[in-house]
């Protein structure tokens, strides 16, 4: 059976976001590599240990985790999977829209453009921010990185269309406003709960296209004379995560936002992105990762659904990772990193993994098992783990410091997930309604 790609988002301009693969239509072979969906064929495996240092010594205290093991793991993920990104540039922001009443009077909306490079040809981030209209003090906020423009992603008819990346033309084009196949995000319930909302389009940072390098931010940070990326330099996921940090740079300056209560959210490959951004950027207060799968929260050592070999196959997504990540294809049981360690790097911060029952490609059980193993780090740091080793059924949310929720359905975020997200945010960000 050959791979069939279904898209969550397409427009007449040819824009493509990410594949939506339900278990009933999941491929048996991808990039000429077999895909396993049989638990009986997963086999045995041993995971890299979160609380054992590279020299073999045990990590027994929070201080040892912070001073020794966490830096080790960050270095491994940075150099071997997501890639080294450049330091933050000096913040340069242009106000596009000052504080304006929006969403039927529920919100004050602001729009800004954040320059990502001194190079004037570099595309800036168009960031939209909503805060509760009646807020009298700084509020917590959820920052979402999305697969399309703010106008297409957020339920606000007053937003201007913006531009998207066109995979057929390999160029940015005006958003056509057609073909949206998934619900827009409604900020109002968050605003009613005292939580702000912000959003930007991942294509503002880097095109999701192997032929889009010259139009992305990575090309602007090549060293003089450098013609190709080193194998330890950033892929597009690393670039999108770096973009999240640049948005946080701005949010920290906004007096309406509580800089200590900034949460982030992303779906699919952007679920991987927020997994990395939340692990790497210590300013992130909480992370909600939807269906991050292989390369995110799922276990690479577990042969189920997508594997590293599928991710880095030349016909698929090697451009999303550091070149070194390809070395981990085909030898999962000897890989020094895995999803359990990436989950552990969020500790002690709240992390919610959201999956879907039919999303075998992303291995929802593997994400749960990853969190079970990472729970030992949360416990060491005095925070709550999942509280169970039994995989919960659909609709049963675990909203501890380390959380897990599986909806009935396939890949991505659906409307019924948002009340769960809101419960998680209220529990951990403690907004003032």
Residue with peak Gaussian network fluctuation, the chain [Cα springs, cutoff 10 Å], from 419, 392, 224:
224
Using label points projected 7 Å from each Cα along Cα→Cβ, tell me how many nm separate residue 74 and residue 33, to one decimal.
2.9
Determine the gain in length on full extension of the stretch residue 94-residue 357; use 0.36 nm per residue of separation and subtract their C-alpha separation, reporting nm with one decimal.
90.4 nm
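Given a Förster distance of 25 angstrom, what is the FRET efficiency for residue 379 paired with residue 45, based on the Cβ-Cβ distance and rounded to 0.05?
On the way: r = 23 Å, r/R0 = 0.91.
So, using R0 = 25 Å, E works out to roughly 0.65.
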Considering only 244, 145, 33, give the residue with the highest GNM mean-square fluctuation for the chain, with springs between Cα atoms whenever their separation is below 10 Å.
33
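I'd like the FRET efficiency for residue 54 and residue 186, computed as 1/(1 + (r/R0)^6) with the beta carbon distance as r and R0 of 56 Å, rounded to 0.05.
Working: r = 46 Å, r/R0 = 0.82.
Calculated transfer efficiency: 0.75.
Mind running the shape call on the range 350-433? Use the C-alpha gyration tensor, a ≥ b ≥ c as the square roots of the eigenvalues: rounded below 1.5 for a/c, prolate if a/b tops b/c, oblate otherwise. Could the numbers behind the result be given before it?
On the way: a/c = 2.38, a/b = 1.12, b/c = 2.13.
Oblate is the answer for the range 350-433, as a/c is 1.5 or above yet b/c matches or exceeds a/b.
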If you average the alpha carbon positions of the range 261-285 and of the range 362-426, how far apart do those two centres end up, in angstrom?
15
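So what is the relative contact order for the chain, in percent, with contacts set as C-alpha pairs under 8 Å and at least six apart?
Values: 976 pairs, mean separation 80.5, N = 433.
Here the relative contact order equals 19 percent.
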Fluctuation leader among 331, 197, 321 - the chain, Gaussian network, Cα springs under 10 angstrom:
331
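Normalised by the residues of the range 200-246, what does the relative contact order come to in percent, with Cα pairs under 8 Å and at least six apart?
Dividing the mean separation by the residue count of the range 200-246 yields 41 percent.
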Normalising by the residue count of the range 301-433, find the relative contact order in percent from Cα pairs under 8 Å and 6+ residues apart.
24
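For residue 253 and residue 334, what does the FRET efficiency come to when R0 = 35 Å and r is the distance between their Cβ atoms, rounded to the nearest 0.05?
0.20
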Is the C-alpha gyration tensor of the chain telling us rounded, prolate or oblate? Criteria: a/c under 1.5 is rounded; beyond that, a/b larger than b/c is prolate, otherwise oblate.
rounded
Can you give me the C-alpha center-to-center distance between the range 29-63 and the range 308-357, rounded to a whole angstrom?
10
Fully extended, how many nm does the chain gain between residue 394 and residue 223 (0.36 nm per residue separation, minus their Cα-Cα distance)?
56.7 nm
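None of the figures in this text is laboratory data; all of them are computed from the coordinates on show. As the structure is a computational prediction, the values presented were derived from the model and not from experiment. A quick note on method: Cβ atoms are made from the backbone with ideal geometry, for glycine too, and the neighbour counts reach across all protein chains shown.
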